[in-house]
Amino acid sequence: MYRDNTLIPAEAVRLAALGSLVEADKPYGDLAREIRFFVARIVGPSLDLLGTSLELLRLEGMIAAKDGTAATENLPDDCTLHLTEDGRAAFHTLMTSNVRGLASDLSRLVIALKMRFLPLLPENDRHEQAEILAEACESELARLKDLRQSYGNGFLAEWLDHEIAEATERHDWFTALDGRV
């Protein structure tokens, strides 16, 4: 994690893998395809994000083969994986991390993963995550409004107005989310 308790790219992919296994045990090949599909649809193809190996999660003891295959052995695509207790703890840590500014591809991926797996958290953590996301929107909105005040007219001002409208809508959505979780 970064110093501000936000996820680095490899941890976002780790969250995708661990969260998927919190939902259900999955064959190795299906899990790898699911992660690739989700990440690519949110941020596009990215070697930085898809470099994290499921094998590393196995070596770290966060996921394991249901058939007892050792972490140092290669797995066939149809070998079913499950989450270990260490993996469950890591999932919780990753899910309850902060969110860095909302404008980057990585932030969009982290938010999408948090929305996907939010129902898997205890209620108090769900509320806290909704608040964190609303606060991140407030920060983004304040930054955009400050910039907008410096540019009175022209295409930049029009674009900033558009960005402010989107940020306001996102803030309202995350604020309302807190009441739904």
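The values are calculated or read from the model by the stated rules, or taken from the named source; none is laboratory data. These numbers come from a predicted model, not from an experiment. Here Cβ is always computed from backbone atoms with ideal geometry, including for glycine, and neighbour counts include all displayed protein chains. Ligands, DNA and RNA are excluded from the accessible area calculation, which covers all protein heavy atoms including side chains. Shrake-Rupley method; radii C 1.70, N 1.55, O 1.52, S 1.80 Å.
If you take the residues of region 151-176 that are open to solvent by 90 Å² or more (accessible area, probe 1.4 Å) and in a loop (DSSP other than H, G, I, E, B), which of them is nearest to Glu138 (Cα to Cα)? Top of the filtered list is Tyr151. With the structure loaded, tell me whether Glu55 is open to solvent by 30 Å² or more (accessible area, probe 1.4 Å) and part of a helix (DSSP H, G or I) or whether it fails that test. So Glu55 fits the description; yes.
Please go through region 5-26 and pick out each residue that is open to solvent by 40 Å² or more (accessible area, probe 1.4 Å) and at pLDDT 95 or above. Residues satisfying the conditions are Glu23, Ala24, Asp25. Per this entry, Ala112 is counted among residues that are under 25 Å from Asp4 (Cα atoms), open to solvent by less than 70 Å² (accessible area, probe 1.4 Å) and either in a helix (DSSP H, G or I) or of a type in the set (Val, Ile, Thr) (or both). I want to confirm something. Restricting to region 24-45 and keeping residues that are touching a helix residue (DSSP H, G or I) at 6+ places or on another chain (Cβ under 7 Å) and of a type outside the set (Val, Ile, Thr), which single residue is nearest to Ser104 (Cα to Cα)? My answer is Phe38. Based on this model, can you work out whether Leu144 counts as in contact (Cβ under 8 Å) with a residue 12 or more places away in the chain and either part of a helix (DSSP H, G or I) or more than 28 Å from the chain's Cα centre (by Cα) (or both)? In short, yes. Kindly provide the set of residues from region 61-118 that are of a type in the set (Asp, Glu) and farther than 30 Å from Arg170 by Cβ, ordered by number. Listed by number, the residues that qualify are Asp67, Glu73, Asp77, Asp78, Glu85, Asp86. Cβ-Cβ distances below 6 Å connect the following pairs, each with a first residue in region 72-92 that is more than 17 Å from Leu56 (Cβ to Cβ), a second residue that is open to solvent by 50 Å² or more (accessible area, probe 1.4 Å) and assigned to a loop (DSSP other than H, G, I, E, B), and a separation of six or more residues or different chains: Thr80/Asp25; Thr80/Lys66.
Tell me which residues, restricted to region 69-100, are in a loop (DSSP other than H, G, I, E, B), open to solvent by less than 60 Å² (accessible area, probe 1.4 Å) and out of contact with any strand residue (DSSP E or B) (no Cβ under 9 Å at 6 or more places or on another chain). Once the filter is applied, which keeps residues that are in a loop (DSSP other than H, G, I, E, B), open to solvent by less than 60 Å² (accessible area, probe 1.4 Å) and out of contact with any strand residue (DSSP E or B) (no Cβ under 9 Å at 6 or more places or on another chain), region 69-100 yields Thr69, Ala70, Thr96.
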